[in-house]
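The values are calculated or read from the model by the stated rules, or taken from the named source; none is laboratory data. Keep in mind it's a predicted model, so treat the numbers as computed, not measured. As a convention, Cβ positions derive from the backbone with ideal geometry for all residues, glycine included, and neighbour counts pool all protein chains shown. Heavy atoms of the whole protein, side chains included, go into the accessibility calculation; ligands, DNA and RNA do not. Shrake-Rupley method; radii C 1.70, N 1.55, O 1.52, S 1.80 Å.
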Amino acid sequence: MLLMKDIIDDHHPLIREISKPVEMPISQEDEQLLRDMHEFLVNSQDDEMSEKYDIRPAVGIAAVQVGILKRMCAIHVLTYDDEGNIKKADDYGLVNPKIIAYTEKKSYLKDGEGCLSVNDEVDGYVPRFAKVTVKGYDIFQKQEVTIVARGFLSICLQHELDHFDGKLFYDRIDKEHPKAPIPNAIVVD
């Protein structure tokens, strides 16, 4: 089981390295790593498990964050209805995902972004594409998938894919005016 001690932070030089494409078909070892990464996310969003194992809540994790320079990431995004019940779960174990299309329109999280590899609070808006189309192999569906994402899921995917290129969310924040609204952008709760 992955724990916070397995996550490298932004002071570790590996976090800025470029991740390599994964050879297909995916090896059992790589698939197990992705499953472990996904399990970490599920546990991080479970109040009991996150408290027991001292895991920070997260919706995505890239392989580089556990010290493996491979283009793989896991996603676990839950959407809730007005009563607080889970309406939808977006679960992916993606291998070699890439953005194949996007809108020019921007979006950003109204409270800013966070990252398992960033221990400090970093204030500011992170401009992202409002809608992206991502293509990659998903270990859960055992096939190539095309994900058309808007809103929070779109931001989450872009955040994880940035990790493949050694980018962290705060690299995208306007250093002069971190909280300046982004013109014509969609603000995501």
Query - strands (runs of 3 or more DSSP E) completely within the stretch 121-189 that count 3 or more residues being surrounded by fewer than 16 Cβ atoms within 10 Å (Cβ to Cβ) - result: 143-150
Report summary line: Residue pairs within 7 Å by beta carbon, gap of at least six or interchain, first lying in the stretch 93-113 and within 25 Å of SER19 (Cα to Cα) and open to solvent by 60 Å² or more (accessible area, probe 1.4 Å), second of a type outside the set (Val, Ile, Thr) and in a strand (DSSP E or B), listed first then second, are LYS98/LYS135; LYS98/GLY136; ILE100/LYS135; TYR102/PHE129; TYR102/LYS131
Query raised in the report: Is it fair to say LEU161 is under 13 Å from the mean Cα position of the chain (by Cα), closer than 22 Å to GLN65 by Cβ and either at pLDDT 95 or above or among the polar types (S, T, N, Q) (or both)?
Result: yes
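Among the residues of the stretch 64-92 satisfying the criterion of being of a type in the set (Ser, Thr, Tyr) and surrounded by fewer than 16 Cβ atoms within 10 Å (Cβ to Cβ), which is nearest to GLY136 (Cα to Cα)?
As a first pass, look at the stretch 64-92 and keep what is of a type in the set (Ser, Thr, Tyr): 79-80, 92.
Now restrict to residues that are surrounded by fewer than 16 Cβ atoms within 10 Å (Cβ to Cβ): 79-80.
Numbers: THR79: 22, TYR80: 26 Å.
By that ranking, first place goes to THR79.
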Query raised in the report: Does the stretch 20-34 include one or more residues that are surrounded by fewer than 16 Cβ atoms within 10 Å (Cβ to Cβ), of a type in the set (Gly, Ala, Ser) and closer than 23 Å to VAL132 by Cβ?
Result: no
Report task. Could you check, for the stretch 72-90, whether at least one of its residues is in a helix (DSSP H, G or I), out of contact with any helix residue (DSSP H, G or I) (no Cβ under 8 Å at 6 or more places or on another chain), more than 27 Å from GLU121 (Cα to Cα) and free of Cβ contacts under 8 Å to residues at least 24 places away in the same chain? Result -> no
